[in-house]
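To start, the structure under review is shown below, and the notes come after it.
The values are calculated or read from the model by the stated rules, or taken from the named source; none is laboratory data. Computed from a predicted model, the values in this text were never measured in an experiment. Surface areas here come from the heavy atoms of the whole protein model, side chains and all, with no ligands, DNA or RNA. Shrake-Rupley method; radii C 1.70, N 1.55, O 1.52, S 1.80 Å.
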Amino acid sequence: MGKINSRPKLFPGDIVEYPRNKYFSHFGIYFGERDGVPYVAHLTCRDADTKIPLFGRALRSEVKLDPLELLGSKYKVSNMLDGSHSPRDFHSVVKPAIEDMLGRDVTFDILFHNSEHQATLFRYGVKKSQQIELIYEHIMPSWKKLFEEKKL
């Protein structure tokens, strides 16, 4: 696994993680080079001025190809599910899936379909977001208590 700022060796189909703050990262799939420029496929909001999606959702989102470092100079390889899920073949499965999704309307949802969900769906065929699962681990016990006390 690469470390942040280490310029890890990337292979087509790798999940690239861009840490954004203490809690969240943005994710994409390394697509390979075009004219010597490395590219990443990622789920992003279409409206450039959309900083925080309304209620954690952005209706105008799409899968887009952007130069690797356009998304940030700090990144790492994060193939987090390789131990439990087999990566799908990039050239026969992942690349065609990405190309099929380019420019299509996709609803971004912070809890159910964020950039990490999209990246794991491409790489493994499974939608999973470990950063959201961590949040659930902290929120759900407090919600459970409120439900039991009939305060929620």
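If I stretch the segment between GLU69 and ILE139 completely, what's the gain in nm (0.36 nm per residue apart, minus their alpha carbon distance), one decimal?
Length difference between fully extended and current span is 21.8 nm.
Might you work out the accessible area of HIS138 for me, using a 1.4 Å probe with all protein chains in place, and round it to the nearest 10 Å²?
Roll a 1.4 Å probe over it and HIS138 shows about 140 Å².
Pull up the cross-link candidates among the aspartates and glutamates for LYS76, meaning alpha carbon to alpha carbon under 14 Å and not fewer than 8 places away within one chain.
ASP14, GLU17, GLU116
Can I get the semi-axes of the stretch 14-149's equivalent ellipsoid? Compute them from the C-alpha gyration tensor as square roots of 5 times the eigenvalues, in angstrom, largest first. Could the numbers behind the result be given before it?
Values: eigenvalues 146, 63, 41 Å².
Semi-axis lengths for the stretch 14-149 are 27, 18, 14 Å.
For the stretch 14-149, report the accessible area per residue in Å² (1.4 Å probe, heavy atoms, rounded to an integer).
58
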